[in-house]
Structure formats: structure tokens, C-alpha cells
Amino acid sequence: MAGNGAIEGDGGKGVKDMGVERIKSIKGIPPEENVLPGTPACAGCGGLLALRHCMKALGQKIVIVNAAGCFTLLTIYPYTPFKNSWLYTAMACAPAGAQGIRDALDILIKKGRLDPDEDLKVVVLTGDGAAYDMSLSSTSGAINRNLDFYYICYDNEAYGNTGVQWSGATPFASKTGTTPPGMIRPMGAELVKKDLFAIWGSHKPPYLATISPAHPVDLINKFKKAEQYNGPKLFIALSPCPPGWGIDTSYTVKLAKLAVDTGVWALKEAVSGDLKHTVVPKRFKPVEEYLQVQGRFAHLFKPVRQEAALNKIQEGVNEYWNRHKLLL
Amino acid sequence: MYRVRFHGRGGQGARVASKVLGTAAFLDGYYAQDFPLYGAERRGAPVAASTRISEDPIMERGVIPEPDIVIVMDETLLQDPLTMPLSGLKPGGIVLINTTHSPAEAKAVYKITAQVITLDITKIGLDMLGMPILSTLAGGVAARIVGLSEDSLKAAVEKVLSEIITDRKLLDKNVAAALYCFNAITPAKIELKTIDTNKKKSTVISLPFEPAEISSPAINATGNTPLRMTGNWRVFRPAWNYEACTRCMICVARCPDGCILVNEDGYPYTDYDNCKGCLICVGECPTNTLGKVMEVHAKKVTG
């Protein structure tokens with residue numbers, strides 16, 4: 001079956017078509033809305049902004065398999081913001097649900113019960129809790145089987161839906177419900193954020209990218225590029241979260257931009273393992289600019305400035321860009 | 001026992017208001033309970049929190065269906081059919097509304113039979129704290145209505161806020177604002193006519209077992225969330241001044257909810273039925289096309 005890792009004549013890369021139309025500016029973003037307003041997502045939700053652009057790029061002929069998280073609340077009976085089908089799964093098993101749907105579609109097409117033009121793209125939608133922690137094993141399995149699906153992780157760096165607890169995506173020194181800064185750990189979260197991009201990359205999927213709600217042109221072009229490849233296509237969107245990050249609702253886009261401009265969030269893609277950075281700031285802003293506007297890092301500045309923690313964060317960012325020889 | 005229910009919007013501070021009241025009551029020597037209504041605690045979405053205060057140990061648990069006092073921290077909630085802040089308010093109970101209306105006007109506009117006290121807490125918040133976060137202010141008002149002491153309120157605000165914020169100046173501003181609100185109202189006396197009993201006959205409805213295609217929550221409609229009308233979440237609304245608009249489409253690309261539409265001439269406009277008032281568009285607009293107006297004021301102009 002096409003979706004099940006059959007190696008095709010092209011040597012397994014699964015390239016469908018080389019001609020990619022890229023959009024050049026914000027004016028080129030497709031106008032049709034595939035996520036309608038009126039959802040219960042928080043005002044100023046960064047993840048929703050990212051999803052809105054992803055869905056513009058994907059179109060309506062898709063099925064969403066949603067792992068439990070904030071976005072399962074988008075579709076609460078009897079309401080849905082989507083024009084396409086949507087399936088809800090538990091946190092750990094969205095890729096397994098995607099496998100079932102992909103197989104069913106393939107079988108229906110093979111038996112002639114579904115017109116190949118009516119085929120649907122299978123899209124897994126998950127938060128960072130599921131992507132970084134709970135569904136790592138089922139995701140790893142699906143990538144390994146070369147399942148033909150899209151995987152979008154809206155990463156707000158904590159378990160936001162349950163009131164902001166620590167997740168594998170929570171960065172060092174962030175304050176969450178389960179990592180409060182105190183006498184023993186004045187910096188808050190002790191561990192560094194997992195590198196999900198590298199974890200996925202080690203499975204050698206055909207397409208892998210990080211995206212940002214503040215860079216919709218880059219986001220949409222990445223989806224257009226990914227479209228050519230058969231197999232797992234993975235996207236991580238850093239999604240500023242007003243209640244979780246302690247920011248004003250109007251700051252979402254500013255924060256997403258700052259994350260890129262300070263080098264905290266590297267916008268990149270890897271096509272069959274070839275890594276390329278798509279947006280590299282000409283001059284990196286100091287990470288402090290990104291940290292000091294967020295409530296979850298306020299304890300690093302007040303009442304006592306935690307120099308060691310701040311240095312560690314900046315050094316982590318410098319180390320990353322030095323490794324990729326892009327720090328000028 | 002006094003049962004107080006706070007209604008506000010996520011981010012306004014209903015949860016902290018209930019905690020300030022509960023803590024102040026405890027410091028005054030009463031038994032107290034305070035808790036938010038868990039659910040979707042979303043920024044801007046209607047939320048509720050409750051406080052019980054009693055001279056005896058409190059054995060009641062769970063949400064308060066029949067409050068003695070209701071604090072409405074956001075006026076627009078009064079017209080929200082899903083929230084109904086005044087539901088279950090006991091006859092003779094007190095409702096405090098955060099509004100610019102006088103009590104008589106509020107009674108008439110919202111057809112309220114209970115006793116009404118009004119105070120423009122949002123204005124006090126903006127003036128004294130510089131932001132529309134009303135937690136300690138609503139707590140201060142509630143403490144006065146219930147009849148707690150000023151000292152306990154002060155200590156309660158200190159205690160509760162020092163667990164949340166590290167900014168000493170902001171904390172002092174909050175104490176001052178809470179005390180200001182405490183003294184800004186003339187409390188009414190609660191005149192409960194009914195006997196205080198919550199014991200009602202329980203009614204058990206037995207549901208028949210249905211096959212999955214009937215009993216499972218499948219939605220066969222597409223794209224119907226706009227019916228929910230999340231426009232009532234707003235505290236501020238984006239306001240347009242088209243003289244400066246260059247039709248750059250940046251606001252359209254920045255709206256998380258897709259609430260900025262484009263008209264035939266290529267000019268963007270806001271879908272006020274569903275705009276949640278996050279104001280990203282106002283911050284992102286490269287010209288002076290977009291500004292913000294407080295929702296209650298905008299309503300008065302446009303009706």
C-alpha cells in the first residue's frame with residue numbers, strides 16, 4: 001500500500017512532483033479559512049494562529065486525528081470549527097489512529113470503493129505533552145513504518161490544558177505549576193527542553209520542519225514543500241500561550257517573533273536528513289529580551305537577578321548556532 | 001453561612017478574588033472555603049469561583065447553586081445565556097456589578113430583582129494598577145459586603161499575592177486598590193426571607209442504554225463554531241480608523257481566530273460576533289488604523 005512504506009521507483013524518497021509554488025509575502029496566503037472562529041481556545045492563542053495557517057496550506061481534503069490536549073476542545077459537541085473530518089484519540093495513540101485511517105483509505109481506494117481523487121490527507125494534531133512525552137513511542141513506530149501522514153505539534157512548552165504543568169518541552173528555568181521557583185530550585189524548571197527535532201530526525205523521515213505562527217509565509221511554503229513527499233511529514237510550531245507564559249493576549253505574535261530573533265527557536269527544515277535553516281536573523285537579539293517579558297521567567301529578574309541561570313540559557317542558544325556555524 | 005459566587009473572565013482574577021475573600025474571613029476567625037470552578041479556564045472565557053464563610057465548620061462541598069452574594073466582575077456576562085451569573089441568587093441576596101451604571105439603572109437594564117450595588121472596578125483597576133486585573137479589588141468589595149475587617153483584608157491581600165507575584169510595588173498598589181474598593185461602597189444588609197437549607201429531594205434520572213451511533217457524540221455538521229459567538233469575551237475591542245489603512249493584510253494574517261475579514265474593496269474589518277479581543281491586531285498594525293476601545297463604552301455608542 002502506498003502509505004505503508006512501499007519503496008517506489010524513485011529510490012524510496014517518494015518525491016511526487018518537483019515543481020513547488022512558493023508564496024512570497026503575506027498577501028499570498030490563501031484567503032479561505034478552514035478553522036472557523038468561535039472556538040473555546042484562549043484569546044490570543046499562538047497555537048491556534050499556527051493551526052489556522054497550517055490548515056490554509058493543507059486545504060479541506062484532510063482528516064485530523066487529534067491527541068488529547070488543548071485543541072481537543074476546539075471540537076466540543078455539538079460544535080466544530082473544521083470543515084473536514086476529525087477524530088479524537090487519547091494522548092498516546094494519535095499516530096496509531098492515523099495509521100488506521102490511512103489503511104482504511106488505501107483499502108477503499110484499492111477495492112474501488114473510493115475514487116482516488118477523493119483521497120484525504122491524514123493529519124495528526126497534538127500538543128507538546130503528547131508529542132514530547134506520552135506518544136513518543138507510537139510516533140516513533142509510525143515514522144519507522146514510513147506512514148504517509150502529517151504531524152503537527154503545537155508546542156506551548158507545558159501541559160497547558162490542565163493548567164500549565166511541566167512537560168518534556170518545558171525549557172530550563174521556566175516556572176510551571178509543578179516547577180515553582182523556590183528555596184531549593186530558585187530557577188524553576190531544572191531540566192532542558194528535549195530536542196524533538198533531533199529525535200524525529202534520527203528516524204530519517206522524508207520531511208521535518210519547525211514553524212512559527214509569526215512567520216506564516218515560511219510556514220505555508222514548508223507545507224507546500226512537504227506535500228511532495230510520501231511518508232511522515234513533521235512540523236513543530238512554537239506556540240506562545242498567554243496564560244501559560246504569563247503574557248498579555250496581545251503579545252503572542254511579538255513573542256513568537258522574539259523567539260526567532262533571539263535564536264531561541266530555530267526555523268529550519270530537513271529534507272531526507274539535509275538540514276537547512278530557513279529564517280536566520282541577521283543579528284541575534286540577546287535572549288533576555290525574550291525572557292523578561294514573560295511571567296514564567298519573571299523570577300530570573302526579580303527579586304534577585306539569577307545571573308547563572310540567564311547565562312546558561314544564553315550559552316545554550318549560542319552553542320546551538322555556533323554548532324551550525326551561523327552565529328555571526 | 002454566607003455563600004459568595006464570583007463571575008468573571010479568565011485572566012480577570014475571579015479565582016484570586018475568591019481566595020482573598022476566603023483568606024480575609026479566615027483571618028477574622030471564621031471558617032472559610034474558596035475554590036474556582038474547574039473546567040476550561042481560558043483567558044477571556046467566562047469563569048466562576050466561590051467562597052463559603054461560616055462561624056461553624058463547613059461540611060458543604062462543591063459548587064454553590066444558590067449564593068447569597070454574587071460578584072459580577074464583567075458586566076457583559078449578565079447577558080450571556082450560558083453563564084447566567086444571577087442564577088440561583090437567593091431572594092433578598094446582594095449582587096455587585098462592575099459597571100458604570102448606577103444601581104437603579106443596572107436594575108432596570110438587566111431586570112434584576114435582588115439588591116444591587118454597583119462600582120466601576122475596571123476603572124479603579126486601570127487607574128490604580130494600570131491594568132484591568134480585578135482580583136484584589138473584587139475581593140475587597142466582597143469583604144465589605146460580607147462585613148469583614150479592613151485589617152484582615154489587608155493581610156489577606158498581602159498573603160495571597162505574595163504567593164503569586166514578586167513585584168513589591170505592584171503588591172502595595174494592590175493593597176491600596178483593595179482598601180479603596182473596600183471603602184468605596186455602602187454595603188446593604190442581606191435580607192434572606194427563606195430558611196437557609198440546601199437539603200432538597202434528589203431527583204435521579206435514569207438514562208436508557210442506547211447503541212453507539214445514537215449515544216456517542218458525533219458531530220455531523222461542518223464549521224458551526226461561529227454560532228457560539230465568542231464576541232462577549234472582550235474587555236476591549238479593536239476599533240478601526242480607515243484613513244490610515246494601506247490594506248497590507250498584516251492584521252488578517254495575525255488574528256488567531258480568523259476574525260478579520262476582507263470586504264469587496266480589499267479593506268479588512270472585524271467580525272465582532274466572534275472576536276475575542278486579544279488585540280494582537282492592534283499591536284501588529286503598522287499604521288494607526290487600529291486602536292482599542294473599552295467594550296462597555298463601545299456598546300453605549302453603537303447600542
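No lab work stands behind these numbers, since they all come straight from the coordinates. Only a predicted model underlies this, so the values are computations on that prediction, with no experimental measurement involved. Because the Cβ atoms are built from the backbone with ideal geometry, glycine has one as well, and the counts that use them run over all protein chains shown.
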Spatial separation of Cα centroids for the range B:30-107 and the range A:81-144, in angstrom: 43 Å
Sequence ranges B:121-131, A:45-55, A:300-310, ranked by mean other-Cβ count within 10 angstrom, highest first: A:45-55, B:121-131, A:300-310
Lys/Arg +1, Asp/Glu -1 at C-beta; the protein assembly as shown dipole; positive extreme among B:Ala17, B:Tyr30, B:Ile69: B:Ala17
Isolated Cys residues of chain B, judged by Cβ distance under 4.7 Å to other cysteines: B:Cys181, B:Cys245, B:Cys248, B:Cys255, B:Cys278, B:Cys285
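For the range A:26-323, what proportion of DSSP beta bridges, expressed in % and rounded to the nearest 5, is antiparallel? Walk me through the numbers on the way to the answer.
On the way: 11 of 38 bridges.
Rounded to the nearest five, the antiparallel share is 30 percent.
Within 10 Å, count the other beta carbons around each residue, average over each peptide in B:214-225, B:136-147, and list them highest first. Before the final figure, lay out the partial values.
Working: B:214-225: 12.5, B:136-147: 27.3.
Packing order, densest peptide first, comes out as B:136-147, B:214-225.
Calculated FRET efficiency, B:Met131 and A:Gln60, Cβ-Cβ r, R0 35 Å, to nearest 0.05?
It comes to 0.30.
What shape does the range A:184-328 take by its C-alpha gyration tensor, where a ≥ b ≥ c are the square roots of the eigenvalues and a/c under 1.5 counts as rounded, a/b above b/c as prolate, and the rest as oblate? Please report the intermediate quantities before stating the final value.
Working: a/c = 1.99, a/b = 1.70, b/c = 1.17.
Taking the square roots of the gyration eigenvalues as a ≥ b ≥ c, the range A:184-328 is prolate.
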Additional length obtainable on full extension of the chain from A:Lys204 to A:Ala308, 0.36 nm per residue less Cα span: 33.8 nm
Shielding by other protein chains, B:279-285, mean Cβ within 10 Å: 5
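Would you please classify the overall shape of the range B:2-184 from the alpha carbon gyration tensor, given that a ≥ b ≥ c denote the square roots of the eigenvalues, rounded means a/c under 1.5, and beyond that prolate means a/b larger than b/c while oblate covers the rest?
Numbers: a/c = 1.41, a/b = 1.14, b/c = 1.23.
Note, shape of the range B:2-184 comes out rounded.
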Label-point gap, in nm, between A:Arg113 and B:Ala239 - each point 7 angstrom along Cα→Cβ: 6.0 nm
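For peptide B:255-268, what's the mean number of Cβ atoms from other chains within 10 Å of each residue's Cβ? Numbers along the way, then the final one.
Numbers: counts 7, 20, 14, 15, 4, 1, 3, 1, 0, 0, 0, 0, 0, 0.
Partner-chain Cβ atoms within 10 Å, mean over residues of B:255-268: 5.
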Residue exposure sequence - B:Trp233, B:Trp240 - by fewest surrounding Cβ within 10 Å: B:Trp240, B:Trp233
